[in-house]
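Some notes on the structure that comes next.
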Amino acid sequence: NDFDSWMGEEMPSGNYLVLGPPKVGKTIFVNQIAYMSALAKRSVVYVTLDSSPENIKARMKEFNWDVEPFEKENLFQFVDGFTLWYTRSQKRDNEFSVESLTNISKLLSVIVEAHNKTGSNGIIILNSLSTLLEHAEFQKSYSFMTGLKALTEERNCLGFAVITNGMHPDMQINAFKHIVDGIIEMKFQTDNEKMTRKIRIVGLGARLSLLNWREFTITPDGIKLAPLNK
């Protein structure tokens, strides 16, 4: 398996859209990136809008990815855009929480605060842009993505924004594709009644090896890439 080196060594700093249908493995993908980055002592800010930080951590532990030690080192910070917004709870368990997904400037400022605590460069994950689009109008979500792009460029970060195929108009998807540096596409493919998962990265210039679709599987250890055909 060369997934970790493929992702960690080949990708330059920049903003990436993680695009694919429901249940193809997008969240597992960004969770694996987050854990491997923290393991390599690269700081992580994980913006979770689809689930609570506690649930994300529980799902990561199913793959033996325990990020709690990294939280104690201030190497891993969650920005919680789920708990206060969806549960209307007044309990603020997480230091970096947002009460509204329609206040884009506040969300960006909280991400900056979390990134300041983890240190320079690192990785910023938004899971997911689809949820942001459900609550904030497209123009606000687009402004958020331009702000996130500016932040990743200023601080030499990697940024990942998860978005689900089939939920949004093509015009909106294409607008987001236009402003990011690269697109990580995931899909299901059926050949002779056998369904497989595939992944590729578009937008890395001459790195043609990443433009070809690679089959992958989801194992108890995370995503594994199939060997390249000789």
Query raised in the report: Among (1) within 30 Å of Ser120 (Cα to Cα); (2) free of Cβ contacts under 8 Å to residues at least 60 places away in the same chain; (3) surrounded by 18 or more Cβ atoms within 10 Å (Cβ to Cβ); (4) not aromatic (Phe, Trp, Tyr), which single condition is Arg200 missing?
Result: (3)
Requested in this report: Check whether at least one residue in region 147-158 is of a type outside the set (Val, Ile, Thr), in contact with a strand residue (DSSP E or B) (Cβ under 9 Å, 6 or more places away or on another chain), over 17 Å from Ser120 (Cα atoms) and in contact (Cβ under 8 Å) with a residue 24 or more places away in the chain, and report yes or no.
Outcome: no
Query raised in the report: Pick from region 12-24 the residues that are surrounded by fewer than 21 Cβ atoms within 10 Å (Cβ to Cβ) and either under 14 Å from Asn127 (Cβ atoms) or of a type in the set (S, T, N, Q) (or both): which of them is modelled with the lowest pLDDT?
Result: Ser13
Query raised in the report: Of the residues that sit in region 186-211 and are assigned to a loop (DSSP other than H, G, I, E, B) and within 21 Å of Ala161 (Cα to Cα), which one is modelled with the lowest pLDDT?
Result: Gly205
Query - Selection within region 109-135 - more than 22 Å from Pro12 (Cα to Cα), in contact with a helix residue (DSSP H, G or I) (Cβ under 9 Å, 6 or more places away or on another chain) and surrounded by fewer than 20 Cβ atoms within 10 Å (Cβ to Cβ) - result: His135
Report summary line: Expected single match for of a type in the set (A, V, I, L, M) and assigned to a helix (DSSP H, G or I) among Val162, Val110 is Val110
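The values are calculated or read from the model by the stated rules, or taken from the named source; none is laboratory data. What you see is a predicted model, and the numbers here were worked out from it, not measured in a lab. FYI the Cβ positions are ideal-geometry reconstructions off the backbone, even for glycines, and counts take in every protein chain you see.
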